[in-house]
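Have a look at the structure below before the remarks.
The values are calculated or read from the model by the stated rules, or taken from the named source; none is laboratory data. A quick note: this is a predicted structure, and the numbers were derived from the prediction, not measured. Because the Cβ atoms are built from the backbone with ideal geometry, glycine has one as well, and the counts that use them run over all protein chains shown.
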Amino acid sequence: MKHHALYLAGALALVSLGTVAFAQDPAPAAKPHGGHAMRLDTNRDGAIDRTEAAAMPRLAERFEQLDRNGDGRLDAGERPRHRMGRHGGGRHGGGRHGGLASLDTDNDGRISRSEAAAATGGRQKLAAEFAAIDANKDGYLVRGELRAYHERMRPRREAERAQRFDAKFAEADLNRDGKLSRIEVGEKMPRLADRFSWMDDDRDGFLSREELRTKDRRR
């Protein structure tokens, strides 16, 4: 009986020590939220501007298409919904320069004219712009040339974006008073209707060009 009591006391002590150790064991650290899109947002304003998008040429190529309100930045509602790979390759994979890497079918680290000609979808324009991108005229495109080309084209794309913005604004400004009412936004820019009050910085019941261009992206 005495030995049994000692054994039981020892077992209870071990259980007690295990419980204390488990209680004191720190919980695993939570993994940080946010994916590749948030890493692109270097100034942490909640949106990706054209300069930040340049780090992912595939995103830069689609910038105007994704920028539905034409304000020069992509918020959470405008960014692509598909899962991006570790280096931003998305469904096509292929490293930091996105889906274009999948055109490199012989895996020699560059894109030939024939490989560019085989492009489909939104990448078809690569063949038409091949000569302009191929800076050293060796008949191949490498990542550095693609990045340099995007940088060279930025002013023109900015001007084109501004023209599209002006055209959209003019189309929505039905009474031509230089500002947009709730009715005009609801009719011509329905995607922005639910954010009208948030964007109306001076609370005058209208949206100016400046308010549309520089609206705060925080939700």
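Here's the yes/no breakdown for (1) buried (at least 17 other Cβ atoms within 10 Å of the Cβ); (2) among the basic types (K, R); (3) part of a loop (DSSP other than H, G, I, E, B):
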position: D166; (1), (2), (3): no, no, no
position: I183; (1), (2), (3): no, no, no
position: G186; (1), (2), (3): no, no, no
position: L192; (1), (2), (3): yes, no, no
position: S197; (1), (2), (3): no, no, no
position: D201; (1), (2), (3): no, no, yes
position: L212; (1), (2), (3): yes, no, no
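Does segment 107-128 hold any residues that are among the β-branched types (V, I, T) and under 13 Å from L141 (Cβ atoms), and which are they? Explain how you work it out, then say what you get.
First, pick out the residues of segment 107-128 that are among the β-branched types (V, I, T): 111, 120.
Across segment 107-128, the qualifying residue is only I111.
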- Item | Some residue of segment 144-154 being among the hydrophobic types (A, V, I, L, M, F, W, C) and within 21 Å of N43 (Cβ to Cβ) | no
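Looking at A128, A116, A132 in this structure, which one is at pLDDT 80 or above and over 29 Å from A167 (Cα atoms)? Spell out how you get there, then give the answer.
Values: A128 fails: over 29 Å from A167 (Cα atoms); A132 fails: over 29 Å from A167 (Cα atoms).
Exactly one residue qualifies, and that residue is A116.
Taking into account only those residues within segment 118-149 that are among the basic types (K, R) and not in a loop (DSSP other than H, G, I, E, B), which is surrounded by the fewest Cβ atoms within 10 Å (Cβ to Cβ)?
Residues of segment 118-149 among the basic types (K, R): 123, 125, 137, 143, 147.
So of that shortlist, the ones also not in a loop (DSSP other than H, G, I, E, B) come out as 123, 125, 143, 147.
On the way: R123: 18, K125: 11, R143: 17, R147: 16.
So, considering only residues that are among the basic types (K, R) and not in a loop (DSSP other than H, G, I, E, B), the one surrounded by the fewest Cβ atoms within 10 Å (Cβ to Cβ) is K125.
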- Taking the stated definitions as given, is R96 more than 23 Å from Y149 (Cα to Cα), at pLDDT below 75 and basic (K, R)? no
- Item | Test result for R81, at pLDDT below 70 and within 14 Å of R39 (Cβ to Cβ) | no
